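K.L.:
Handing you this structure, nothing more for now.
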Amino acid sequence: MSNWKKAVCLLLCAGMIFAYSRPVQAVLTNDSIREKEAEIKAAREEVSGLKSSKTDIERLKKELEQSKNDLTTYVAQLDGQLSGIQEKIAQYNTMIAEKEEEIEVTAAELEEAIRIQEEQYAAMKKRIKFMYEKGDTFYLELLMSSGGFADMTNKADYIESLSRYDRNKLEEYINTIELVKLCKEELEAEKEVLDEAKLAVEEEEANINALIEQKEAQILSVTSDISTKEAAIREYEAMIAQENAEIAALEKAVAEERARLEAENAQARVYNGGMFAWPCPGYTRISDEYGNRMHPILGIQKFHNGLDMAAPGGTAILAAYDGDVVGAAYNNSMGNYIMIDHGSGLYTIYMHCSALYVSKGQSVTKGQKIAAVGSTGRSTGNHLHFSVRQNGNYVNPWNYLK
Ligand SMILES: [Zn+2]
């Protein structure tokens, strides 16, 4: 076949596609096409949903501004907002993972549609070549006499002149072209959702940091004021007393349960002496050691009852050892906290979390993800405060770590 003839075949083929794209629109009702259209619509709705669900930080700040006079209320409200935002981030991250999976599926569908399109195109070329070589110049004449592709699309008689077989093949081919187009569109729409979700995560993380900064400034301004210093120290001590009362009550409940089990001759949990897992993997910088030290805000000697591990908000917190969750709640001083009973009077406590993933009564294993790092409660920056208690007293966590 000469190059000239090949060129005619290709032109003819392209011409036929132009000619038939309008009249066969009505045939595009197959399931995969309708499904794609629905998915594209859903993705567009997801994008607008994402855009409108972002936290309005300015409005939030204004609301919080009104409760600044009462520091305790202010901190509790702020922490509620922080947890809410952290929850949003977790939802966005789930969405991102799902979208990434969907994109993989759509990309595979697109690849398959393109493969079918190429196959159908090759078959059509072969058919035209066959017709031409058989002496049927109808297709060629059709192209020549129409005065160009644009003209051809308006002449319905040409379509009528095609054989049923050729018309069916053309319709299939046009359907595939439409499917390829929709797959590409869907891929674009899904990528837009992904980008928007990633943007939302970034913005929410910035929102969290803005709120934590605001909280730090507020705690500092209230407690560093000389005239209110004594009141600040009293408030601090009242908070620690409240914190200790809450922990003691939890320990008392465990001791009672233990006594009940012993009375029934049932097995109570026993600590077997093993070393702890590092509760904040990847973050070993200690921003505040265990023991007596100068309180950074109050300027007086205070006992720091745990280790402060500096880590970004949202970092996973792991159970240091096997145990039972005996506390998973919010406290004004500890923020969102987890308390785990490891048996034999040994407990670990994890404070200032942004999110809690386990609840009271649940058994956990060493290294299990139980919470996320945050800055809730009496905290001025993202960190994990990790405390160990033995027989009703705080003990040095380093004895169980390393
Ligand atoms: Zn601490």
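K.L.:
Please state the equivalent ellipsoid semi-axes for region 226-399: what are the square roots of 5 times the Cα gyration tensor eigenvalues, largest first, in whole Å?
P.N.:
27, 19, 14
K.L.:
Pop the C-beta distance of T284 and Q390 into the FRET formula with R0 = 22 Å and round what comes out to the nearest 0.05.
P.N.:
Working: r = 23 Å, r/R0 = 1.06.
So the FRET efficiency works out to roughly 0.40.
K.L.:
A follow-up question, please. Can you tell me how much longer the chain between E256 and N399 gets when fully stretched, taken as 0.36 nm per residue apart minus their C-alpha distance, in nm with one decimal? Don't skip to the end; give the middle numbers.
P.N.:
Values: separation 143, 0.36 × 143 = 51.48 nm, distance 2.71 nm.
Between E256 and N399, full extension yields 48.8 nm more.
K.L.:
Figure the gain on full extension for I114 and R44 (residue separation times 0.36 nm, minus the Cα-Cα span) and round it to one decimal in nm. Spell out each step's value before the answer.
P.N.:
Details: separation 70, 0.36 × 70 = 25.20 nm, distance 2.39 nm.
Going from the current span to full extension adds 22.8 nm.
K.L.:
Continuing with this model, one more query. Full extension from K134 to R293: what is 0.36 nm times the residue separation minus their Cα-Cα distance, to one decimal in nm?
P.N.:
Result: 47.4 nm gained on full extension.
K.L.:
Among the GluC sites (Glu not before Pro) within region 187-289, which fall in a DSSP loop and have no more than 12 other Cβ atoms within 10 Å of their own Cβ?
P.N.:
E264
K.L.:
Excluding M339 itself, calculate the net charge of residues whose Cβ lies under 13 Å from the Cβ of M339, where each Lys or Arg counts +1 and each Asp or Glu counts -1. Spell out each step's value before the answer.
P.N.:
Values: positive: K252, K360, R389; negative: E243, E246, E251, D324, D341.
Within the 13 Å Cβ shell, the charges total -2.
K.L.:
Using the beta-carbon distance between R34 and T73 and R0 = 60 Å, what value does 1/(1 + (r/R0)^6) give for FRET efficiency, to the nearest 0.05? Don't skip to the end; give the middle numbers.
P.N.:
Working: r = 54 Å, r/R0 = 0.90.
With a Förster radius of 60 Å, E is 0.65.
K.L.:
For A328, which sequence-distant residues (separation of 5 or more, or a different chain) have an amide H within less than 5 Å of its own amide H, given hydrogens modelled in the peptide plane?
P.N.:
When sequence neighbours closer than 5 places are left aside, the close amide H contacts are M339, K360.
K.L.:
Now for a different question. Return the distance in nm (one decimal) between the two label points of a simple spin-label model at E202 and A263, each offset 7 Å from Cα along Cα→Cβ.
P.N.:
Modelled inter-label distance: 6.1 nm.
Each value in this text was obtained by applying a stated rule to the coordinates, not by laboratory testing. Because the structure is a prediction, the values reported are computed rather than measured. Reconstructed Cβ throughout: ideal geometry from the backbone, glycine too, with neighbour counts over all protein chains shown.
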